[in-house]
Amino acid sequence: MLDDLRFTIRGLRREPGHAAAAILTLALGIGCTSAIFSVIEAVLLRSLPLPHAERLVALWEDQPQVPNASLSGPDFRDMKAETHSYEGISAYIRTAFRLTGMQRPERVIGAETDSSFFAVLQAPALLGHLYGPGSSGEAVLSERLWRRVFGADPAVIGRTITLNGEPRTVVGVIPARAAYPSTSEVWVSSTADLPLLPGFRESVNSRGSHYLRGVGRLRSGVTVSRAQAELDALFARLGVAYPDNDKDHRGRVASLQERIVGAVRTPLLVLMGGVVLVLLIACANVGSLQLARAAARERDLAVRVALGASRGRIVRQLVVETMFAAVLSGALGIGASYWGVPALVGLAGSALPSGSAVSLNTTVLAFAVALSMVTGMASGFIPALFVSRHDAIAALRTGAAVGAHARFRAVLVVVEVALATTLLAGAGLLLRSFDRLNAVDPGFQPKGAVVLSLSRSEKGATEFFEELVRRVSALPGVRSVGAIRNFPMSGSNVNGDIMLEGRPARAGEFISESQIVAGNYFQAMGIALRSGAGLGEQGGKSAERVAVVNETFARRFFPGEDALGKRFTEDVGEPNPKWIRIVGIVGDVRQFELGRAPEPEAYYPIAQSPSVAMTLVVRSDLPLASLAPSIAREISSLDPEQPVAGMQTLADRVRSTLDQRRLSALLLSIFSGSALFLTVVGLYATLAFSVAQRTREIGVRMALGARVERVVRLVVGQGMRLAAVGVAIGLAAALVLGRLIASLLYGVGSHDLATFSAVVIVLLGSAALACWIPARRAARVDPVVALHAE
């Protein structure tokens, strides 16, 4: 083996170009694959760092009109009392807190939970303890917040902090790896048996108000399917007992890990599939290079066989050469991954689940090493077996043509073209989908506005937001100002059953998103007013409750009628409901994401429906850098303890919602570009070698009268036939791929003719260029020189 290694090193020195091509080709494939695998390992393969994490489940409910809905307080209490599949279940809500009493106020994202939350998770404490059953008003800090704000001071335990104006006692710190939800920086135990919705505390007892998320721990031996069957039976009973609210509702349970990563699983697997295709193309390319090099070493191999070298000895030498190149490629690929993984994470933005610690850990490094070995074997062993066949060796001894070698290289080229076609088609579909999605009208005008999320305590919240809107509206350059509770595409929403006046309430038939706004929100966002009037100032002065609804609300609930002046209520099933009159209709807004159709939505004035957390929207002709200090000064003068960090343009906020799709499209485009480059290089190398092998034949043809054009057609035709076969096979595979990624597409069919046609044109055009260069070289063969050599 040492002799083989020394021989390999001498060979690499003699042919550095060949060695560099093979090493860099494999390094590209190994580096890309290792980088993507690091994300796969962190997001999909790494389990939650909690005891018996496989028994942790997420709980929610599906409604006829609203899948993936939250739970109502009464439904959750019934679930807790009447199910037996769980060691414990807990409810929580995600919310924003204003942390004050520090050197500077901080806005932190957190969760209000019932007291059993951490007992269900069984999370460890980094410091102190995590509150348990019976606690009330206690707080747990995330490790990140503890280090960032409190300087990792152990004396924080027992300290009283102020969150949204309410004192909370810090009892513990939770390690970053065990935090759930991973975006939370603080957890507080509710002062009631269940978390209270700020501004709507009475909602905790309303079966029509869905705002709670659930988490549970299954008993040992209980499966998710068994727990689901128990929930099905429970909600069937609830649908009969409470038809106004729970008819046709279904409780749902699923693995917590699956719930966390479900949205990114398919995109990540698609990316992994794409990078594996690049790696396979790289292996095929190196295999083709090895065959060409072996064929060029005819005399060397023939001499070895004549001197008694066995087939195994020949195979071992050729495999050692490839494995040595693979080791060097692996080292380069791993080195590139050290740069590529941080770049990939930065490029992903919000596309990855928060808390995913992506890094080149020992698992990823072991994968990269194993991958180097496998690719070395794959790209070297099969070609080595082929060239070491006894009939091939005999042909080399006699100087016969190497047609078998050429056929095998042709097969490799067809494989490369087919894989590249499949990858290019997938990337093309995602790019067209992203372009279509990016062109969707969100229902508002992103340009020319800035946004800032704020939170207050319940006491005085309405007055604060109304006064802030008035003050900011008076700033120079400001055109309009408003605020809203659940900002579009922020990931938060509140919905519930409503009842229309004069119509019987049927559960699930009338469900509306609930929004609270202040100031001239619709003008600030650029939302079109279709009819009626906005809320403006009259919402707070009217004794009657009023609302503005979107077009989907009016069209779905009042088909063929004018919805203006109609009344509805959220007090479903109550004997004396408070009726709400519709005073305006506005255009639809993509509240959840650009690719999801608008839902019925009602907007209420803050004076009649208080809210402690709002997002300020300021439309102005001034750039963010000029406007932000003025807004910050007004906020600080009105409330010195109000944090003002995180101001951004509305366009940037919308753009961030496409991070996941942008990442998938961009990376697949990079992979497909790499695949196209490798394929073209492989096709060119194969034809160039073929021309070199057939120099004498071509010279004879030209000496016998063959014209230059005919020689060019001969070489180009040989390559284009290979490319055409590969494209045909690749298109068939692309049809299958299109169905697999259909869930990631928007506005584009999985078998989009325009995309597939463009892929065919690009690949065949690139192949024609790769064929033309060797063809021109063949046309320059001097017949006299060729015949003299013959």
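Lys459: net charge of surrounding residues, Cβ under 14 Å, Lys/Arg +1, Asp/Glu -1, itself excluded?
Local charge sum for Lys459: -2.
If I stretch the segment between Ala254 and Arg177 completely, what's the gain in nm (0.36 nm per residue apart, minus their alpha carbon distance), one decimal?
Gain in length upon complete extension: 25.6 nm.
At 20 angstrom or more along the helix axis (alpha-carbon based) and mean Kyte-Doolittle of -0.5 or higher, what helices does the chain contain? Whole DSSP H runs only.
Span-like helices in the chain: 16-40, 224-241, 256-296, 311-348, 362-387, 403-438, 624-638, 659-693, 708-740, 753-779.
Bins of 10 Å, beginning at zero and ending with the bin holding the largest distance: percent of Cα pairs per bin for the stretch 560-716, please.
Calculated over all Cα pairs of the stretch 560-716, the distribution is 7, 16, 17, 15, 11, 8, 9, 9, 6, 2, 0 percent.
Per DSSP helix of 4 or more residues, -39500 (n - 2.57); summed, then divided by the residues of the chain. What does that give at 222 nm, rounded to the nearest 500?
Details: 24 runs with 404 residues, N = 790.
That comes out to -17000 deg cm²/dmol.
Per-residue counts of other Cβ atoms within 10 Å, averaged by peptide: what ranking do you get for 98-104, 414-420, highest first?
The packing order, highest mean first, is 414-420, 98-104.
Using a 1.4 Å probe, what is the accessible area per residue for the chain, in Å²?
Working: 33080 Å² over 790 residues.
Result: 42 Å² of accessible area for each residue.
Per residue, what volume in Å³ does the Cα convex hull of the stretch 139-226 take up?
155
Give me the net charge for the shell around Val270: Cβ to Cβ below 13 angstrom, other residues only, Lys and Arg +1, Asp and Glu -1.
Within the 13 Å Cβ shell, the charges total +3.
Using only alpha carbon pairs under 8 Å that are at least six residues apart, calculate the relative contact order of the chain and give it in whole percent.
About 17 percent, as a whole number.
If you take every residue apart from Glu82 with its C-beta less than 11 Å away from the C-beta of Glu82, what net charge results, scoring Lys and Arg +1 and Asp and Glu -1?
Details: positive: Arg77, Lys80, Arg237; negative: Asp75, Asp78, Glu230.
Cβ neighbours under 11 Å give a net charge of 0.
Rounded to two decimal places and with Rh computed the Kirkwood way over Cα pairs, what is Rg over Rh for the stretch 86-150?
Dividing the radius of gyration by the Kirkwood radius yields 0.99.
Counting only protein heavy atoms and a 1.4 Å probe, tell me what percentage of the stretch 230-289's accessible area is made up of carbon and sulfur.
61
Taking +1 at the Cβ of each Lys and Arg and -1 at the Cβ of each Asp and Glu, which of Val708, Tyr603, Val415 sits farthest along the dipole of the chain towards its positive end, judged by Cα position relative to the Cα centre?
Val708
Tell me, how many Å apart are the Cα centres for the stretch 146-177 and for the stretch 71-91?
Comparing the Cα centres of the stretch 146-177 and the stretch 71-91, I get a distance of 30 Å.
Dipole of the chain, Cα-centred, from +1 at each Lys and Arg C-beta and -1 at each Asp and Glu C-beta, to the nearest 20 debye? Walk me through the intermediate numbers first.
Values: 80 positive and 65 negative charges, 721 e Å.
Result for the chain is approximately 3460 debye, rounded to the nearest 20.
Compute the length gained on full extension between Val240 and Glu574: take 0.36 nm times their separation in residues and subtract their Cα-Cα distance, giving the result in nm to one decimal.
That works out to 118.5 nm of additional length.
On the accessible surface of the stretch 47-166, probed at 1.4 Å, how many percent belong to carbon and sulfur atoms?
C and S fraction of accessible area: 48 percent.
Measure off 7 Å from each Cα along the Cα-to-Cβ vector at Ala20 and Ala370, then give the distance between these two points in nanometres to one decimal.
Label-label distance for Ala20 and Ala370, simple model: 3.4 nm.
I want to check the label-to-label distance for Asn361 and Ala263. Put each point 7 Å from Cα in the C-beta direction and report it in nm to one decimal.
Going by the 7 Å Cα→Cβ label model, 2.3 nm.
How many percent of the accessible area of the stretch 452-496 is carbon or sulfur, using a 1.4 Å probe?
On the way: 840 of 1750 Å².
That share works out to 48 percent.
List the aspartates and glutamates whose Cα lies under 13 Å from the Cα of Lys247, skipping any in the same chain that are fewer than 8 positions away.
Reachable aspartates and glutamates: Glu61, Asp62, Asp75, Asp232, Asp497, Glu509.
Which of the three applies to the chain, rounded, prolate or oblate, going by the alpha-carbon gyration tensor with a ≥ b ≥ c and a/c under 1.5 meaning rounded?
prolate
Suppose each label sits 7 Å from its Cα in the direction of the beta carbon; what would the Ala81-Ala125 distance come out to in nanometres?
Calculated label separation equals 3.2 nm.
State which entries of Lys80/Lys578; Lys447/Lys578; Lys459/Lys578; Lys447/Lys566 exceed 28 angstrom in Cα-Cα distance in the structure shown.
Check vs 28 Å cut-off fails for Lys80/Lys578; Lys447/Lys578; Lys447/Lys566.
Compactness ratio of the stretch 528-632: Cα Rg over 2.2 N^0.38 Å, N = residue count?
1.27
Going out from 0 in 10 Å bins, what whole percent of all Cα-Cα distances in the stretch 19-155 drops into each bin?
8, 25, 28, 20, 10, 6, 2, 0
Which of the three applies to the stretch 199-246, rounded, prolate or oblate, going by the alpha-carbon gyration tensor with a ≥ b ≥ c and a/c under 1.5 meaning rounded? All intermediate terms of the calculation are to be shown ahead of the outcome.
Working: a/c = 4.17, a/b = 1.52, b/c = 2.74.
Oblate shape, in that a/c is at least 1.5 and b/c is the bigger or equal ratio.
The values are calculated or read from the model by the stated rules, or taken from the named source; none is laboratory data. As the structure is a prediction and not an experimental result, all values here were calculated from the model. Neighbour counts run over all protein chains shown; Cβ positions are idealised from the backbone, glycine included. Only protein heavy atoms, including side chains, enter the accessible area calculation; ligands, DNA and RNA are left aside. Shrake-Rupley method; radii C 1.70, N 1.55, O 1.52, S 1.80 Å.
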